[in-house]
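I have placed the structure first, in the form of structure tokens, so that the comments after it can refer back to it.
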């Protein structure tokens with residue numbers, strides 16, 4: 001387990017941190033609620049195949065929706081890193097929305113769309129909201145195990161600006177609509193992601209206005225410091241040593257052994 005960065009900000013006291021942290025989680029939950037109520041497909045509205053994340057301006061995770069899939073939480077910060085390599089923060093404007101379903105930078109398959117919106121305060125990015133949902137269709141030969149190459153899986157959307165300064169790119173809309181079987185549901189879910197992230201961004205601005213903040217930097221640092229402290233205390237209670245286990249998984253030519261070793265030393269764990 002690596003230590004978090006040594007940010008210069010002092011941490012908040014425990015009471016302020018608890019209140020403000022819970023507030024960020026409630027904002028993430030409101031993004032989830034908006035997403036569920038505005039989506040067109042039952043994959044989102046009933047199955048909750050989704051994740052919502054709030055990240056600071058450095059791309060570090062600070063809050064997630066309580067109904068979010070853990071596996072997506074692991075990929076969201078890395079996906080944002082790729083988004084910002086393609087569109088650096090100084091090239092983004094209020095109202096921009098970036099998205100992609102590229103499995104190599106996202107969740108691992110093309111049915112999952114990643115949608116991100118920067119949150120601006122006084123012309124400066126202070127946070128990012130991100131949602132990930134499983135689309136009802138993405139073209140190709142359909143959902144299943146019959147694909148033998150990535151091109152069978154459907155439309156691979158690179159990192160693009162779906163909205164630019166609040167204006168939707170209709171060429172992208174038409175391109176997607178003509179490559180999926182149920183365009184109304186697919187586009188409906190995409191726009192639900194856009195709306196949900198917009199709602200979350202406005203709630204973050206309302207939050208910092210209420211508390212008289214200019215950004216969430218100190219709060220982000222405090223959240224990560226508190227999380228690391230709790231994690232290290234839990235590791236400290238475990239006995240030092242190396243632990244290993246493995247499982248057999250299906251392979252193309254036969255079973256494969258997937259192994260993992262954890263080495264515990266004090267408050268650190270090496271995987």
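Taken together, the residues in the range 85-111 that are in contact (Cβ under 8 Å) with a residue 40 or more places away in the chain and under 24 Å from residue 165 (Cα atoms) amount to 12. With the structure loaded, tell me whether residue 208 is farther than 23 Å from residue 41 by Cα, crowded, with 20+ Cβ neighbours inside 10 Å and in contact (Cβ under 8 Å) with a residue 60 or more places away in the chain or whether it fails that test. Taking the combined requirement at face value, the residue does not satisfy it. Screening residue 253 with (1) assigned to a helix (DSSP H, G or I); (2) more than 26 Å from the chain's Cα centre (by Cα) gives one miss only, at (1).
Pick out, from the range 88-158, the strands (runs of 3 or more DSSP E) lying fully within it that include 2 or more residues that are out of contact with any strand residue (DSSP E or B) (no Cβ under 8 Å at 6 or more places or on another chain) and assigned by TED's automatic domain parsing to the domain that holds residue 189.
No strands (runs of 3 or more DSSP E) qualify here.
Is there a residue being out of contact with any strand residue (DSSP E or B) (no Cβ under 8 Å at 6 or more places or on another chain), surrounded by 15 or more Cβ atoms within 10 Å (Cβ to Cβ) and at pLDDT 95 or above anywhere in the range 4-21? Yes: the range 4-21 contains one or more residues that are out of contact with any strand residue (DSSP E or B) (no Cβ under 8 Å at 6 or more places or on another chain), surrounded by 15 or more Cβ atoms within 10 Å (Cβ to Cβ) and at pLDDT 95 or above.
May I ask you to verify whether residue 223 is surrounded by 14 or more Cβ atoms within 10 Å (Cβ to Cβ), in contact (Cβ under 8 Å) with a residue 60 or more places away in the chain and over 25 Å from the mean Cα position of the chain (by Cα)?
no
Just one of the listed residues (193, 215) is in contact (Cβ under 8 Å) with a residue 24 or more places away in the chain, assigned by TED's automatic domain parsing to the domain that holds residue 64, out of contact with any helix residue (DSSP H, G or I) (no Cβ under 6 Å at 6 or more places or on another chain) and assigned to a helix (DSSP H, G or I), namely 193.
Determine whether the range 30-46 contains at least one residue that is surrounded by fewer than 22 Cβ atoms within 10 Å (Cβ to Cβ), at pLDDT below 95 and outside any strand (DSSP E or B). Break it down stepwise before answering.
Going residue by residue through the range 30-46, those that are surrounded by fewer than 22 Cβ atoms within 10 Å (Cβ to Cβ) are 30, 33-34, 36-38, 40-43, 45-46.
The next check asks that each one be at pLDDT below 95; those that pass are none.
No - not one qualifying residue is present in the range 30-46.
For the range 47-69, the count of residues that are free of Cβ contacts under 8 Å to residues at least 24 places away in the same chain, in the same structural domain as residue 180 (by TED's automatic domain parsing), assigned to a strand (DSSP E or B) and within 21 Å of residue 201 (Cα to Cα) is at least one.
The values are calculated or read from the model by the stated rules, or taken from the named source; none is laboratory data. All of these numbers come straight from a predicted model, not from anything done at the bench. Don't worry about glycine lacking a Cβ; one is built from the backbone with ideal geometry, like all the others, and counts go over all protein chains shown.
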